[in-house]
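First comes the structure, then the notes that go with it.
The values are calculated or read from the model by the stated rules, or taken from the named source; none is laboratory data. What you see is a predicted model, and the numbers here were worked out from it, not measured in a lab. In this analysis, Cβ positions are derived from the backbone assuming ideal geometry, glycine residues included, and neighbour counts consider all displayed protein chains.
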Amino acid sequence: MSAPIEDYALLSDLETAAMVGRDGCVDWLCLPRFDSPACLAALLGTRDNGVWRVAPVGVRGCCARRDYRPGTLVLDSWWRTADGVVRVTDFMPPRAQLPCLVRVVEGISGAVKVRSELSPRFHQGRVRPWVRGTADWAVAVAGPDAVWLGAESQEGPTDGADVTALDVTVRAGRRLTLTLVWAPSHRADPPALLHVPAETLLKETTDFWHRWSGRCRYQGPWREAVLRSLITLKALTYAPTGAFVAAPTTSLPGRIGGERNWDHRYCWLRDSALALSCLLRSGYRDEASAWLDWLVRAVAGDPADLQTVYGVKGQRLLPETEASWLPGYAGSRPVRFGNSAVGQFQLDVYGEVLDTLWLSLRAGIPMPAHVWDLVQALMGFLQRHWREPDQGLWQVRGRRRQFVHSKVMTWVAADRALRMGELLGRNGASGEWRAMRDEVHRQVCREGWDPRRRTFVQSYGSSTLDASALLMARLGFLPAHDERIRATVRAMRELEQGGFVRRYAPGGAGPHEVDGLRGDEATFVACSLWYADALAATGRPGPARELFERVLAVRNDVGLLAEQWDPDTGRQLGNAPQAASHIALVETAFALAPVI
């Protein structure tokens with residue numbers, strides 16, 4: 001039986017991530033990168049698909065409690081048994097050479113027998129490796145990959161010769177250290193990391209996170225939640241390039257047993273402007289600059305080839321496949337690796353890119369000289385194609401439509417290009433761009449507005465509401481005091497479910513008619529936070545704060561949010577932790593600060 005999604009905590013070395021359950025199991029680990037094939041994939045199947053459990057012998061349930069050490073990504077889990085108490089400390093040192101996961105079991109009281117069982121399965125939980133080793137280390141090899149496990153016990157020799165499955169009685173004040181290191185399989189010798197003392201690795205990891213957390217500028221009433229969200233966003237960053245993934249997981253479902261299961265281990269342009277704003281406001285200028293550098297490199301080339309999503313190194317080819325050998329989380333199939341959204345036409349990404357460039361320029365982040373050439377190329381493409389239907393913010397797999405949000409982001413693109421031109425003294429095409437901006441604005445106000453329902457709708461000619469309309473005032477399309485914005489925010493009550501907000505209305509044609517998929521889904525965390533922002537902006541700070549506090553209350557025990565929340569079952573759903581959810585949390589905390 002699958003553990004609840006909210007049972008998982010995140011570990012990261014800023015190049016890949018592990019998901020650790022409250023039962024002591026690492027059920028998800030891709031090596032050596034976020035988007036590499038998983039070698040521990042029990043999250044999407046069974047323990048036979050790869051797992052590493054460290055827990056007291058005979059204990060079937062979960063730890064008594066766990067938490068991150070303040071300002072860090074170091075996880076402590078306490079286990080209480082009839083024989084005593086042990087603490088398991090899990091962390092991944094920020095990568096210097098090879099990816100490394102360390103698990104330290106420390107005796108707090110009594111004498112507790114602890115079992116470590118490692119069962120790696122390479123190639124997305126499919127391939128059983130060849131394992132060899134000694135009483136001190138073991139190596140599992142399959143194809144190009146090898147994982148080495150070293151064990152060091154202050155209690156003396158471990159029970160048995162197989163370090164991948166060992167029992168050790170840990171007494172008060174004593175310690176068992178387990179270190180897992182990935183290396184290319186052609187390396188014959190055990191990695192040097194296996195011989196680095198755990199105390200050294202722990203101190204280096206803790207010091208890194210304390211230094212990083214100390215730069216956080218937010219000092220408002222929700223500092224703990226904001227800092228945890230920022231740490232999570234940093235943990236989802238691929239340090240070599242500055243990109244960050246939408247989530248470290250794939251195929252965690254939007255509805256248990258459904259088919260809305262996507263691979264989010266990639267970088268979405270739609271998150272770029274909000275991510276940059278979030279980082280700059282919080283004091284993380286270096287991270288914002290690195291993200292901008294990645295963005296400019298990734299989108300280089302013909303504007304017609306601009307994609308919605310890229311790999312962490314800027315890769316364009318992310319072929320989507322289905323893993324028939326994995327039964328899926330709680331039976332939710334198919335399990336997907338890769339994402340076919342790379343081939344979709346989504347107009348809004350042009351606005352996202354240009355908004356990000358404008359925010360960067362306004363913040364004084366240095367930009368290469370050729371960026372203006374990029375601005376001109378993107379605007380040239382939009383001038384030719386903005387009237388076409390697209391697949392929209394939500395990446396629908398149904399037919400293309402004239403999505404209102406896509407047209408709003410087209411307006412944003414023209415508006416930001418004009419602003420950049422004014423700041424840089426580049427006004428050659430300003431007349432054409434201004435005319436385009438004005439035409440788009442008139443069209444959206446005419447075709448995207450339903451005079452009968454008195455609200456902006458999802459697409460031209462439809463009556464379906466869409467939560468993306470909550471962003472119109474924030475983007476500057478219309479002021480928050482405009483009665484059309486106020487009326488649209490009031491209409492969003494129709495999207496509420498259990499006090500949270502869905503992406504779009506379940507009535508009318510039905511979600512399956514919009515996105516080409518069967519079944520419905522839960523509420524979206526980011527949409528609920530957009531609603532809180534819009535409530536505050538339109539003069540309702542009380543309800544805005546209530547909604548924000550409601551979202552904070554559904555974080556898991558270590559402060560993490562998935563993509564979705566199901567109010568009916570009280571469960572997190574979708575890939576986790578989700579960058580968009582945590583970005584929205586930080587932005588809402590800043591937005592509400594003036595009205596507290």
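Checking each residue of segment 160-168 against the condition of being buried (at least 19 other Cβ atoms within 10 Å of the Cβ), modelled with pLDDT of 95 or more and of a type outside the set (A, V, I, L, M) gives no match.
Out of LEU318, LEU295, I need the residue that is surrounded by fewer than 22 Cβ atoms within 10 Å (Cβ to Cβ), of a type outside the set (Phe, Trp, Tyr), within 20 Å of THR16 (Cα to Cα) and more than 15 Å from the chain's Cα centre (by Cα). Which one? Full working, then the answer.
On the way: LEU295 fails: surrounded by fewer than 22 Cβ atoms within 10 Å (Cβ to Cβ).
Sole residue among the options that is surrounded by fewer than 22 Cβ atoms within 10 Å (Cβ to Cβ), of a type outside the set (Phe, Trp, Tyr), within 20 Å of THR16 (Cα to Cα) and more than 15 Å from the chain's Cα centre (by Cα): LEU318.
Of all residues in segment 1-27, those that are part of a strand (DSSP E or B) have Cβ atoms under 6 Å from Cβ atoms of residues that are among the hydroxyl-bearing types (Ser, Thr, Tyr), 6 or more apart or on another chain, in MET19/TYR8.
Scan segment 367-388 for residues that are outside any helix (DSSP H, G or I), free of Cβ contacts under 8 Å to residues at least 24 places away in the same chain and not hydrophobic (A, V, I, L, M, F, W, C) and jot them down. Write out each step before concluding.
From segment 367-388, those outside any helix (DSSP H, G or I) are 367-370, 386-388; that's our starting set.
Going one step further and asking which of them are free of Cβ contacts under 8 Å to residues at least 24 places away in the same chain, we end up with 369-370, 387.
Hits for segment 367-388 are HIS370, ARG387.
Considering segment 540-579, and only residues there that are among the small types (Gly, Ala, Ser) and under 21 Å from TYR68 (Cβ atoms), the residue that is surrounded by the fewest Cβ atoms within 10 Å (Cβ to Cβ) turns out to be ALA553. I'm trying to understand the selection: among the residues of segment 35-82, which are in contact with a helix residue (DSSP H, G or I) (Cβ under 6 Å, 6 or more places away or on another chain) and at positive phi? Within segment 35-82, GLY50, GLY71 meet the criteria. Restricting ALA192, ALA172, ALA183, ALA198 to residues that are within 17 Å of GLY150 (Cβ to Cβ), surrounded by fewer than 17 Cβ atoms within 10 Å (Cβ to Cβ) and aliphatic (A, V, I, L, M) narrows the list to ALA192. Which condition breaks for ARG223 when tested against (1) outside the structural domain of ALA41 (by TED's automatic domain parsing); (2) in contact (Cβ under 8 Å) with a residue 12 or more places away in the chain; (3) not aromatic (Phe, Trp, Tyr)? Answer for ARG223: the failing condition is (2).
Residues are listed down the side, and each one gets a yes or a no for (1) of a type outside the set (Val, Ile, Thr); (2) assigned to a loop (DSSP other than H, G, I, E, B); (3) out of contact with any strand residue (DSSP E or B) (no Cβ under 8 Å at 6 or more places or on another chain):
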site: ARG255; (1), (2), (3): yes, yes, no
site: GLY258; (1), (2), (3): yes, yes, yes
site: ARG265; (1), (2), (3): yes, yes, no
site: LEU274; (1), (2), (3): yes, no, yes
site: SER277; (1), (2), (3): yes, no, yes
site: PRO319; (1), (2), (3): yes, yes, yes
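Residues of segment 1-30 that are out of contact with any Asp or Glu (no Cβ under 7 Å at 6 or more places or on another chain) and of a type in the set (A, V, I, L, M, F, W, C): MET1, ILE5, ALA9, LEU10, LEU14, ALA17, ALA18, CYS25, VAL26, TRP28, LEU29, CYS30.
Against the list (1) outside the structural domain of LEU44 (by TED's automatic domain parsing); (2) under 28 Å from LEU40 (Cβ atoms), the condition THR205 fails is (1).
How many of the residues in segment 322-353 are within 22 Å of the chain's Cα centre (by Cα) and over 30 Å from ALA41 (Cα atoms)? Qualifying residue count for the region: 7.
Residue check: ASP286 meets all listed conditions (1) part of a loop (DSSP other than H, G, I, E, B); (2) of a type in the set (Asp, Glu); (3) over 25 Å from VAL342 (Cβ atoms) but one, namely (1). Pairing each residue of segment 490-505 that is touching a residue at least 60 places away in the same chain (Cβ under 8 Å) with any residue that is surrounded by fewer than 23 Cβ atoms within 10 Å (Cβ to Cβ) and of a type in the set (Phe, Trp, Tyr), provided the two are 6+ apart or on different chains, yields C-beta distances under 9 Å for ARG503/TRP394; TYR504/TRP394.
Residue-by-condition table, conditions (1) under 26 Å from TYR329 (Cα atoms); (2) surrounded by 20 or more Cβ atoms within 10 Å (Cβ to Cβ); (3) aliphatic (A, V, I, L, M):
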position	(1), (2), (3)
ASP207	no, no, no
SER213	no, no, no
LEU233	yes, yes, yes
TYR238	yes, yes, no
GLY257	yes, no, no
TRP268	yes, yes, no
CYS278	no, yes, no
GLY283	no, no, no
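Only one entry of ARG171, ARG175, ARG126, ARG211 meets the criterion of being charged (D, E, K, R), over 19 Å from VAL102 (Cα atoms) and touching a strand residue (DSSP E or B) at 6+ places or on another chain (Cβ under 7 Å), and that entry is ARG171.
State which residue is nearest to LEU31 (Cα to Cα) when the search covers only segment 102-138 and only residues that are assigned to a strand (DSSP E or B) and either of a type in the set (S, T, N, Q) or outside the structural domain of TRP28 (by TED's automatic domain parsing) (or both). Before the answer, list the steps.
Step one: filter segment 102-138 for residues assigned to a strand (DSSP E or B), giving 102-119, 127, 130-133, 137-138.
From what is left, the residues that are either of a type in the set (S, T, N, Q) or outside the structural domain of TRP28 (by TED's automatic domain parsing) (or both) are 109, 116, 119.
On the way: SER109: 35, SER116: 20, SER119: 15 Å.
Only one residue fits best here, namely SER119.
Only one of the listed residues (SER77, SER36) is within 22 Å of LEU149 (Cα to Cα), hydroxyl-bearing (Ser, Thr, Tyr) and surrounded by 23 or more Cβ atoms within 10 Å (Cβ to Cβ). That residue is SER77. Of all residues in segment 376-415, those that are over 28 Å from ARG446 (Cβ atoms) and among the aliphatic types (A, V, I, L, M) total 1.
All of ALA369, ALA323, ALA330, ALA304 fail the test of being modelled with pLDDT of 95 or more, surrounded by fewer than 23 Cβ atoms within 10 Å (Cβ to Cβ) and not polar (S, T, N, Q), apart from ALA330. Within segment 472-505, the set of residues being closer than 27 Å to ARG571 by Cβ and surrounded by fewer than 22 Cβ atoms within 10 Å (Cβ to Cβ) comprises ARG493, GLU494, GLU496, GLN497, GLY498, GLY499.
Checking the condition closer than 25 Å to ASN575 by Cβ, assigned to a loop (DSSP other than H, G, I, E, B) and in contact (Cβ under 8 Å) with a residue 24 or more places away in the chain, which residue from PRO248, PRO190 passes? Can you show your working first?
Details: PRO190 fails: closer than 25 Å to ASN575 by Cβ.
Within the list PRO248, PRO190, the selection yields PRO248.
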